[in-house]
Amino acid sequence: MAVETGQSVVRAADAESIRGRGHRPGKNPGRLRRTFATHWYAWAMVAPVVTVIGVIVGYPLVRGMYLSTTNANEANVERHIGVNDIPATYESVGLDNYQAILSDGVFWDRLTWTVVWTVSCVALSFALGLALATMLNRKLAGRTFYRMALILPWAVPAFVSVFTWRLLFNEKKGLLNKLLAGGGIDAIPWLNDPTWAKISVITVNVWLGVPFMLVAMLGGLQSIPGELYEAAEMDGANAWQRFRHITLPGLRTVASTVILISGIWTFNMFPVIFLLTRGGPGDATEILVTYAYRLSFVVSPRDFAGSAAWGVLILALLSIIAVAYRRALRKQGEVW
Amino acid sequence: METKETAPATTAPEKKRRPRGREERGPLASVALHVTLLLASAIAVLPPLWLLVTSFKPQSEAFSTDLVKDFTFGNYDHVLNDTEFPNWLLNSLVVVGLTTVIGVFIAATTGYAVSRFKFPGMRPLMWLLLITQMFPVAVLIVPLYNLLASLGLLNQPVGLVVTYLTIAVPFCAWMMKGYFDTIPVEIDEAGRVDGLNPFGTFWRLIVPLAKPGLAVTGFYSFITGWAEVAYASAFMTGEENLTLAGGLQTFVNQYTSDWGSLTAAAVIVAVPAAVIFGFAQRHLVSGLTAGATKS
């Protein structure tokens, strides 16, 4: 699809000018300048993004890595109190922070729960999204209505939905427990018991995630050519065989992409846990990201260095996933 | 789920009948399909609906299971006139408006460049865009906090706008690349032959054709800013500087639980998002999958 920025005509002319007329005095277009002349359009178009990412992601990233090797906390960083500037007094401690984190059980507990959380959220929302998309992808009375209703959770900002769920989950007075009481079932401590809190946060995240999966899967289903199904019907394949041998393979590219994207989003999902349980009870529902946030913005004194070290470890984990993803893309023949 | 279709079919009298085609199903299967979809729709709709219902109840009855008994606009009145809510709304609108406009524009130019041109630095750039999407809040938030503090941008909308751009733009650029890939290159070539430079081609020919893609990208930027919690909670302090995500937390925290105000405010927050969603959703499927399958 891609075309060269500069047309080949220009290229040829350039090459000729080097060989033939390149000896004009004072005129020596260096390789750099020629590259620039050919590609400056493309570079100008990507420059804003590169600048923004460089300043707002690049610099903090380097600085975060540096902070993770110090003992910086609220008490010893640079501060401005009124007109007085108190200089920073933290110092380098090498890899002590990492050693402390990796030899402490808290990190491994949080990592285990984060993996459980990510896998169960993605698996459940994918299965439900695919099932609902399959049901909607056919002639059906009220299809538009169902579609609008099922996508609704996506139209509401996530933090609003999370607050609503907190209202529903309220142990003494919430709607869910009142409905259960109507059926003679004891109140469930949705957000106050470690196990139930875990179930609750997963429920809410799946509820939030299904519409995305549904829409993506619907798009994927519609991109499968109808002729394939017609041919299969001619050959006498039943519905399950058609699903197994046409639909599933046809969805593979879309499915692998959305699973990866939503896996990363879920791994980093901050608002659901932060707003629903604040990581509690205790730290039962705290995932890696919310725990790192807690270290630098919730506990006192704020532990900037520890938080940064957690952040670097999280990033390392995600990089491994990204590399695996790139391998997979290569195998599928993506050119870049 | 497809198996549901065949269940009644196998009990049919003749043994060797043709399997049902895609657009046929027995009455039992139809009922099962509709019951399942109705149940799923109910689960999807109930929480937002309950939010709406609760917002019209007097504060004291926030937890009653009745549908509205004493209908009142009291919560809305209170939120709009006696709290900082209008300020938060304004802050959010400024931040989100700027993020959307700038984000869509630079995501589109970037997406166009990586879709159409081969240039040195393209692969690293695409790799960078992909990896930036994965960045957890936790790595950047402390240094970013320090950076914004030293630039005097804490509590300033500009600080949040720039931060949100880094979240929204990488994904949007990928989506736009996928969308531009579906627009035939011949159109660009025709423009070039007619004497347009690459910017002209992009602006006058491709952008008008890419409106559906731009709509989805704009929608994604809007939602990113409208619903972001972590940065907004950390960078904006002081009642009047909060954005909606931060402000609503003050209604229900460990000290107070003003569910009446919260529900009313939440409804006001959800409505514009839902309206914009309504406009964008027509293009959502094509836009998202174009971005998703190609990325």
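Observations, loosely collected:
- Positive contributions from Lys and Arg (+1) and negative ones from Asp and Glu (-1), summed over other residues with Cβ under 12 Å from the Cβ of B:Thr109, come out at +2.
- Share of pairwise Cα-Cα distances greater than 16 Å in region A:232-328 is 69 percent (whole percent).
- Net length gained if the chain between A:Tyr90 and A:Ala328 were fully extended (0.36 nm per residue, minus Cα distance): 81.4 nm
- Positive-end extreme of charge dipole, region B:105-252 - chosen from B:Gly247, B:Phe180, B:Ala210 (charges on Cβ): B:Phe180
- Accessible-area composition of chain A, carbon plus sulfur, in percent [1.4 Å probe]: 61
- For B:Thr83, residues with placed amide H under 5 Å, excluding near neighbours: none
- Gained length - A:Leu248 relative to A:Val55, 0.36 nm times residue gap less alpha-carbon distance: 65.2 nm
- Remark on A:Thr70: its backbone amide H falls under 5 Å from those of A:Val93, a criterion applied only to residues 5 or more positions apart or on other chains, H modelled at 1.01 Å from N.
- Accessible surface area normalised per residue over region B:122-268 is 33 Å², counting heavy atoms of protein chains with a 1.4 Å rolling probe.
- Sorted from longest to shortest, the spans of the Cα atoms of region A:114-302 along the three principal axes equal 68, 42, 25 Å.
- Segment B:Ser257-B:Leu93, extension gain: residue separation times 0.36 nm, minus the distance between their alpha carbons: 56.5 nm
- Test item: Cα-centred dipole of the protein assembly as shown, Lys/Arg +1 and Asp/Glu -1 on Cβ, debye: 2480
- The contact between chain A and chain B removes approximately 10300 Å² from the accessible area (both sides summed; 1.4 Å probe; ligands, DNA and RNA excluded).
- Computed E for A:Asp109/A:Ile259 - FRET, C-beta separation, R0 41 angstrom, nearest 0.05: 0.95
- In terms of distances greater than 23 angstrom between alpha carbons, the cross-link table entries A:Lys331/B:Lys211; A:Lys198/B:Lys57; A:Lys178/B:Lys57; A:Lys178/A:Lys198 yield A:Lys331/B:Lys211; A:Lys198/B:Lys57.
- Counting only Cβ charges, +1 for Lys and Arg and -1 for Asp and Glu, the dipole size of region A:216-330 around its Cα centre is about 380 debye.
- Karplus-derived 3J(HN,Hα), 6.51/-1.76/1.60, for each residue of region B:259-273, Hz, glycine and proline x: 5, x, 5, 4, 5, 4, 4, 4, 5, 4, 6, 6, 4, x, 4
- By the Cα gyration tensor, the protein assembly as shown has an equivalent ellipsoid whose semi-axes, rounded to whole angstrom, run 41, 38, 23 from largest to smallest.
- For region A:79-172, the solvent-accessible area with a 1.4 angstrom probe is 49 square angstrom per residue.
- Residues whose placed amide H lies under 5 Å from that of A:Arg79, excluding near-sequence neighbours: A:Ile86
- Projected-area mean, chain A, by convex hull of Cα positions, square nanometres: 30.3
The values are calculated or read from the model by the stated rules, or taken from the named source; none is laboratory data. Values in this document were obtained by computation on a predicted structure and should not be read as measured data. Glycine also receives a Cβ, built like all others from the backbone with ideal geometry; neighbour counts cover every protein chain displayed. Side chains are part of the model used for accessible areas, which takes the heavy atoms of the whole protein and leaves out ligands, DNA and RNA. Shrake-Rupley method; radii C 1.70, N 1.55, O 1.52, S 1.80 Å.
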